[in-house]
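Notes for the one structure printed next.
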Amino acid sequence: MNRSKWDRRIQRADELATAYPFAAEALRFYKGIATFQRELYAYVDAARGNGSQKKVAGLFDEDLNLPLLLPKFPEFLSRVGAFSPRPLAQAAADLTSQSPAQCEDLLTFHWRTAADSQPACGETEGLLGWIFLQPYAECLADHSERKPGNDGLAFCPCCGGKPLAGVLRPEGDGAKRFLICALCSTEWAFRRILCPGCGEEAPDKLAVYTATEFSHVRVEGCDACQRYIKTVDLTKNGRAVPVVDELATIPLNLWAQQHGYLKVRTNLLGI
């Protein structure tokens, strides 16, 4: 089981909470979420067994194992309610009173729509559903055969989800761009000069914004569709963990919003 990636995420959240005091509360929330997700990932991975064969990617709509997941849902709601902001904690408390059949319907709905849509601002129930299902999706992805690469594909080749963030990894004398799926965390190569929101290729319509306090993270905006994504440059900071550094650099989101850009896919904070 690949547990080390969860440990790296949690450790990075601790590091950035100290480095970025303005993001400390958000990172403490993420640490609590990631700790539960690590346990759920391990539980799902163990249930699969060592002899499980890899499946072809792209079959997530047929793979929701409710008998496996439902027993863990009440524990999730109880734990997340203990450290979440008030609106999310209240939503968790409300879901606790629902019947098993209602919880089953909720998880089924959010699983079927997770790749195509995202929780709207303030949609706490949808955000909780995504947080709970994400490690399950990630485990399925880790046990799935990847489709042939396509560096112009703006959707995850494994589950069809939208990208949460970009990452630049060292390659030769430069860096190669990848996108990271918001749902299953699959990473796939993506062309440097291309908008993941609309496919725009004109360099003069693809804006890049950086801030001195976050030299390794940048906003990549598109003036054609007014969408943006944040990209973490590992050539500038090899200690960065993209999904955590993306979450922590909140001022970059504020800059993008002030300039009229909307995020391609929101993160666990709903931003």
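The values are calculated or read from the model by the stated rules, or taken from the named source; none is laboratory data. Note that the structure is predicted; figures quoted are calculated from it, not measured. Cβ sites come from the backbone with ideal geometry, for glycine too, and all protein chains shown count toward neighbours. Note: accessible area is taken over every heavy atom of the protein model, side chains too, but ligands, DNA and RNA are not part of it. Shrake-Rupley method; radii C 1.70, N 1.55, O 1.52, S 1.80 Å.
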* To do: Output the residue which, of all residues in the stretch 52-101 that are open to solvent by 70 Å² or more (accessible area, probe 1.4 Å) and not in a helix (DSSP H, G or I), is modelled with the lowest pLDDT.
  => Val56
* Asked: Which ones in the stretch 249-271 are β-branched (Val, Ile, Thr) and open to solvent by 30 Å² or more (accessible area, probe 1.4 Å)?
  -> Ile250, Ile271
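For the stretch 226-248, how many residues are within 23 Å of Gly199 (Cβ to Cβ), open to solvent by 40 Å² or more (accessible area, probe 1.4 Å) and outside any strand (DSSP E or B)?
Adding up the residues that qualify gives 1.
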* **Residues of the stretch 158-186 satisfying the condition of being acidic (Asp, Glu) and part of a strand (DSSP E or B)** => Glu171
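Residue-wise test of (1) among the hydrophobic types (A, V, I, L, M, F, W, C); (2) open to solvent by less than 20 Å² (accessible area, probe 1.4 Å); (3) in contact with an Asp or Glu (Cβ under 6 Å, 6 or more places away or on another chain).
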| residue | (1), (2), (3) |
| --- | --- |
| Arg146 | no, no, no |
| Gly166 | no, yes, no |
| Ala189 | yes, no, yes |
| Glu201 | no, no, no |
| Glu213 | no, no, no |
* So Glu171 fits all but one of (1) within 11 Å of the chain's Cα centre (by Cα); (2) without any contact (Cβ under 8 Å) to a residue 24 or more places away in the chain; what number is the exception? -> (1)
* Would it be correct to say that Phe155 is assigned to a loop (DSSP other than H, G, I, E, B) and aromatic (Phe, Trp, Tyr)? -> yes
* Structure fact -> The residue that is farthest from Pro74 (Cα to Cα), considering only those in the stretch 102-115 that are in a helix (DSSP H, G or I) and open to solvent by less than 60 Å² (accessible area, probe 1.4 Å), is Thr113
